[in-house]
Structure formats: structure tokens, C-alpha cells
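As C-alpha cells, the structure follows; a few thoughts come after it.
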Amino acid sequence: MSFSDLILVGVNHSTCPLDVREAIAFSPEQASEALSELITEGLLKEAIILSTCNRTELYAVGVAHEILISRFAALKMISVQTVESHVYRHSGLSACEHIFRVASGLDSMVLGETQIIGQLKTAHRIAEGVEAVGAVLRTTLQLSYSIAKVIRAKTQVGSNVVSLPSVSLKVARQIFGDLDLIKVSFVGAGEMIRLCAEYFAGSTNAKLFFANRTHEKARELAREFGGEGYGIDSLREQIERADVLISCTSSQTPIIGKPLLEHCLRGRRNRPVLLIDLAVPRDVDKDVAKLRDVFLYTIDDLGEIVRQGQANREIAAKEASKYISDGLLKLEAEFAKRQVSPTIKAFRDFGEKIAEEESANAIRLLAQGKSPEQAIQVLSRSITKKFMHQPSHVINSAEEKSKEDLAEALRTLYRLHT
């Protein structure tokens with residue numbers, strides 16, 4: 001197997017609306033189960049599922065695009081037509097290039113963002129856990145991590161990143177002006193919530209609240225950022241008290257629906273609430289946006305604001321493409337080396353076996369009383385004869401065209417001049 005056997009199918013923020021991305025998303029547990037199923041049934045030789053807020057991609061070895069798309073749809077119980085209408089396909093070097101761009105943040109909604117590298121490594125680790133990763137994906141991904149590191153160090157593609165957390169803060173300022181007197185509730189305890197909390201804690205004096213399914217994780221965030229931590233059962237209280245509520249959980253269904261919010265709004269006396277939903281699948285039912293005094297921003301809404309602010313990094317992204325190209329050349333060289341290494345090893349073993357056999361024969365001659373000169377002459381002639389016999393026989397027995405090709409190969413290998 002080589003990189004030419006690598007394929008990928010996927011959807012992202014550029015090709016697929018949020019409604020469909022929700023249906024296609026995998027939680028870590030779902031990804032692990034799906035990979036285990038695909039490998040066990042023998043459909044794929046290697047596979048990884050990368051599923052984030054902005055993309056879901058399947059990387060695989062040893063299968064056709066059509067089969068992978070069909071299984072993709074079956075795993076999520078949606079129609080093949082739905083997947084095909086939004087999916088992109090890559091294979092061979094094109095697939096490798098795409099993975100390099102993803103790892104480097106060049107294919108992200110937020111150009112140059114660094115979260116994706118951690119998400120890719122997590123997806124890699126999950127796949128390793130169910131023995132779904134082999135030489136092709138492992139080599140490609142390890143190189144992608146190195147390329148991402150070089151791009152961040154040598155280009156400006158990640159400088160002054162207009163991130164989703166920074167845009168969340170910007171939207172809150174547009175609605176409330178001075179943020180020092182507002183209350184902000186964070187629902188969830190993942191990396192995105194942590195980043196948002198860093199922005200609000202570092203830029204405002206707002207009062208912060210944290211709610212999570214695991215109460216202790218909420219308390220940890222509260223201790224870190226100077227707020228209060230609660231369990232997820234406090235969600236109603238979080239909505240009632242918050243001016244800004246930022247949610248990003250792994251729930252597969254909305255945790256904030258229209259009836260719940262209507263109930264909470266009755267006690268707010270027309271006080272507006274900003275809901276920022278960074279989860280995929282969404283945490284907030286889309287019908288909530290119809291309610292009075294509610295401002296709802298999804299991850300795609302924020303992504304549009306992000307895109308407006310990243311034009312200055314497009315030049316840096318072009319510069320980064322040079323390192324992607326260098327990486328592809330390295331990958332080609334690596335797999336070319338892997339393809340011939342078994343033959344080189346077999347050739348070495350062949351030579352060593354002749355040397356061992358003839359050395360043993362020379363030792364026997366010495367034991368029989370032959371002179372060292374005679375033993376060395378027999379040794380050298382025997383090694384030469386055995387080493388030359390098989391190539392000479394194959395060339396002489398070959399058809400005319402193959403004979404010349406083999407002879408040319410021999411001249412090249414041993415730099416013969418006739």
C-alpha cells in the first residue's frame with residue numbers, strides 16, 4: 001500500500017449547510033464504533049474519521065469513493081443523495097495535500113486557526129485505539145503535523161487570527177456595549193468554551209457562570225476564570241440570569257428549545273439575551289431565533305464575520321502552500337523508499353547467504369590441508385560465480401525486448417560501460 005491508495009470524502013463549512021453537517025457529525029464515541037465496524041467487516045484496510053464543528057471527513061485506504069460514501073450515509077442513516085450533493089472527494093496526492101492543508105489550518109473557517117491540529121490528533125488517537133491505522137495514514141498524518149508546525153513558525157498565516165471566541169466577544173459588544181456589568185453563562189467544558197472564557201475573562205469584568213454535565217469540570221473552569229460552576233441541571237437558571245449564553249456541548253439534540261426559552265423570557269422583563277451556539281449538532285433549536293429579545297448566532301453566522309476579517313492572511317496562506325508542496329515531495333520519496341526496501345533487503349540477504357555458504361566451504365578447505373591461497377581463490381571464484389549466475393541466466397532467457405531492458409538495468413545498477 002502507498003499514498004496512491006489513500007482516499008477521502010468529506011463535507012465542510014464551504015460545501016455543506018449547518019443542517020446537513022449536524023446530521024453527518026460524529027461524536028468521539030460514534031467515530032470509534034464506526035471505525036471498528038468498518039475495519040471488522042473488512043471493507044477498509046485503514047480509516048480515520050475527523051468530525052469537528054466545521055467538517056466531517058473520512059480518510060480511508062483500499063476502497064472506492066462510491067463505497068465509502070455509501071457507508072458514510074449508512075452510518076449516519078441519511079440518504080446517499082444527501083451526502084453526494086455536498087461531499088468532496090480526493091485521492092492519492094490530492095488527498096494527502098488536503099490533509100496537509102487541514103492540519104495547517106489552511107482549510108479552516110478561521111484561516112490559520114490552531115484548534116484543528118489537536119482535533120486531528122484526537123481523531124488519529126481514536127482510530128489507533130481500534131487498530132484502524134496502518135502505515136499509509138500514520139505516515140501521512142505524522143508528516144502533516146510536521147508541516148503544520150513549520151507553517152506556523154515560518155509564515156504569518158496564524159497571526160492575528162480572527163477567531164470564533166474573539167468574534168463572540170465582538171458580537172456581545174455590539175449588542176450590549178460595555179460588557180463589565182453583564183453576566184455570561186458558558187454551557188459545556190470543551191476547548192471552545194475554554195477559549196471563549198479566556199477572551200471574556202481577559203477583556204471584561206463580566207460575571208461568569210459555567211454549567212456542564214460533569215459538575216466538577218464546571219467548577220474547574222470557574223476556579224480558573226473566576227466564576228461560579230454548576231451542573232447541567234442549572235440550565236434554566238443560567239438562561240434566566242445570563243445576558244450572554246455561549247453553548248458548545250456534545251449533545252446530539254438541542255438542549256435549549258423554544259418552550260424552555262419562552263418560559264425563561266417571561267421573568268426577564270424584555271431584557272435581551274444573546275445566545276451563541278458553537279456546537280455541531282446545534283445546542284439551540286433554530287426556532288428560538290423567532291422569539292422577541294433573543295439574538296441567536298450559530299457557528300456559521302460567526303464564520304461569516306470571521307471570513308470578512310481574514311483577507312490580510314491570504315498572502316501568508318499562499319506562502320504556506322510552498323511548504324505543502326515540499327511535504328508532498330517528501331511523502332512521495334518516503335513511500336517510494338518503502339516500496340523498494342523489501343527488494344533491497346532481499347538482495348542483501350541473497351548476498352549474505354552466498355558469503356556465509358562460501359566462507360564455510362573455505363574453512364573446510366583449510367581444515368583439509370589446502371593452502372590459504374587456494375582457499376581464497378576458490379572462495380572468490382565461487383562467490384563471483386553464484387552472484388553472477390542468476391542475473392545472467394534471466395537476461396539470456398528473456399525475450400528480446402525484456403532482454404535489453406534487463407541489460408540496461410544491470411548497466412545502470414553496476415555502472416557498466418560496454
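Brief remarks on what is shown
- The alpha-carbon of LYS217 sits under 17 angstrom from the alpha-carbons of these aspartates and glutamates, leaving out residues fewer than 8 places away in its chain: GLU191, GLU198, GLU228, ASP233.
- Semi-axis lengths, largest first, of the ellipsoid equivalent to the chain are 62, 22, 20 Å, with √(5λ) applied to each eigenvalue of the Cα gyration tensor.
- Listed values for the range 219-227 are Karplus-derived 3J(HN,Hα) couplings in whole Hz (6.51 cos²θ - 1.76 cosθ + 1.60, θ = phi - 60°), namely 5, 4, 5, 4, 5, 5, 10, x, x, and x replaces Gly and Pro.
- Separation of the range 186-259 from the range 363-418 is 77 Å, based on Cα centroids.
- A simple charge model with +1 on the Cβ of Lys and Arg, -1 on the Cβ of Asp and Glu and nothing else charged puts the dipole of the chain at about 740 debye relative to its Cα centre.
- Scattering from the range 272-418 was approximated by placing one identical point on each alpha carbon and applying the Debye formula without solvent; log10 I(q)/I(0) at 0.13, 0.18 1/Å stands at -0.90, -1.13.
- Each DSSP beta bridge with both residues in the chain is either parallel or antiparallel, and the antiparallel ones are about 45%.
- Note on the chain: with a GNM built from Cα contacts shorter than 10 Å, the maximum mean-square fluctuation among LEU261, LEU179, LEU366 falls on LEU366.
- Long pairs among LYS76/LYS286; LYS149/LYS322; LYS183/LYS290; LYS154/LYS318; LYS345/LYS385, criterion Cα-Cα beyond 19 Å: LYS76/LYS286; LYS183/LYS290; LYS345/LYS385
- Within the chain, the longest run free of trypsin sites (Lys or Arg not before Pro) that sit in a DSSP loop with at most 12 other Cβ atoms within 10 Å is 1-265.
- Long-range Cα-Cα pairs in the range 34-76 (distance over 12 Å), rounded percent: 59
- Rel. contact order, % - alpha carbon contacts under 8 angstrom, at least six apart, the chain: 14
- All distinct Cα pairs of the range 164-308 go into the 1/r average, and the inverse of that average, the Kirkwood radius, is 14.9 Å.
- For the range 263-404: relative contact order, % (alpha-carbon pairs under 8 angstrom, 6 or more apart): 13
- Amide H to amide H distances under 5 Å link LEU6 with GLY92, where only residues 5 or more positions off or on other chains count and H is placed in the peptide plane.
- The range 174-180 - phi-based ³J(HN,Hα) in whole Hz, Karplus 6.51/-1.76/1.60, Gly and Pro as x: 5, 8, 10, x, 5, 9, 5
- Bins of 10 Å, starting at 0 and running to the largest distance - Cα pair percent for the range 1-128: 13, 49, 35, 3
- Under the criterion of Cα pairs below 8 Å and six or more residues apart, the relative contact order for the range 164-308 equals 22 percent.
- For the range 244-259, 3J(HN,Hα) per residue [Karplus equation, 6.51 cos²θ - 1.76 cosθ + 1.60, θ = phi - 60°, Hz, x = Gly/Pro]: 10, 10, 10, 10, 7, 10, 9, 4, 8, 9, x, 9, 10, x, 5, x
Values quoted throughout were computed directly from the atomic coordinates according to the rules given, and no laboratory measurement underlies them. Quick caveat: nothing in here was measured; it's all calculated off a predicted structure. Every residue, glycine as well, gets a Cβ built from its backbone with ideal geometry; the counts of neighbours run over all protein chains shown.
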